[in-house]
Amino acid sequence: MADNDNVDFKAGDNVVYPYHGVGQVEGIETQTIAGMEVKLYVIGFEKDRMRLKIPVTKAQNTGLRKLSSSARIDDALKTLKGRARIRRTMWSRRAQEYETKINSGDPVSIAEVLRDLKRSNDDTEQSYSERQIYQSALERLAREVAAVDAISELSATEKLEQIMGKIKAAPANNDDAKAA
């Protein structure tokens, strides 16, 4: 069995699988499949209540990778602050491109989707599918930011929305009642 020289994970490591986001290696097990002994990474995705088994030799080809560096996350956060670049193509084509970027697992690509789909605090302008893709990208990026910065996913989500200027006003400030 050829060893995968670029990917070497052990139990407890946080990893990113492009189609599912951040998971944790629960262990490495050997199974007999079609008469062959195959070593598998067992990866748990707590939020999705899912367990994935990937052959060690195929890990790199599937896109399984370590968490992004702090510098890469900083690049993604800079991307969020940028100006939206919405192409004037059919929504179905853009939606497909957005899904591809999200499933790439690259934090900067995911940040591009968030940046392009962000709206003001009023979500009524967005279609259902836009909101779904936005939410998917937000969750995916927030999980990785949370894992890299060692904060909760909720804190990471708030951090991302604050960077994008999408944090809703706190209800403690009651200026509307005074204006009436």
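Since every read-out is calculated from the coordinates, none of them should be taken as a lab result. Owing to the predicted nature of the structure, the values given are computational and were not obtained by experimental measurement. Backbone-built Cβ (ideal geometry, glycine too); neighbour counts: all protein chains shown.
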Residues 67, 141 arranged by fewest to most Cβ contacts within 10 Å
67, 141
Taking Cα pairs under 8 Å and at least six residues apart, what relative contact order does the range 70-163 come out at, in percent?
31
Expected unfolding gain across residue 162-residue 11 under the 0.36 nm per residue rule, minus the alpha-carbon gap, is 51.0 nm
For the range 36-83, with +1 on Lys and Arg beta carbons and -1 on Asp and Glu, the positive-most of 56, 70, 82 along the dipole:
82
Can you give me the Kirkwood hydrodynamic radius for the range 51-134, using every pair of distinct Cα atoms, in Å to one decimal?
14.6
In Hz, Karplus ³J(HN,Hα) per residue of the range 99-108 (6.51, -1.76, 1.60; θ = phi - 60°; x = Gly, Pro):
4, 4, 5, 4, 6, 6, x, 7, x, 5
Rel. contact order, % - alpha carbon contacts under 8 angstrom, at least six apart, the range 14-65:
33
Residue 96 versus residue 30, label points 7 Å from Cα toward the beta carbon: distance in nm?
4.5
Place the peptides 68-79, 31-42 in order of packing, highest mean first, counting for every residue the other Cβ atoms within 10 Å and averaging per peptide.
68-79, 31-42
Rounded to the nearest 20 debye, what is the charge dipole size of the range 70-163 about its Cα centre when +1 sits on each Lys and Arg Cβ and -1 on each Asp and Glu Cβ?
480
The range 21-28 - phi-based ³J(HN,Hα) in whole Hz, Karplus 6.51/-1.76/1.60, Gly and Pro as x:
x, 7, x, 10, 5, 8, x, 10
By the gyration tensor of its Cα atoms, with a ≥ b ≥ c the square roots of the eigenvalues, what is the shape of the range 14-66: rounded for a/c under 1.5, prolate for a/b over b/c, or oblate?
prolate
Please tell me which of these pairs span more than 28 angstrom C-alpha to C-alpha: 53/101; 101/159; 66/159; 58/118?
58/118
So for R0 = 35 Å, FRET eff. of residue 60-residue 125 from the Cβ-Cβ r, to 0.05, ends up at 0.30
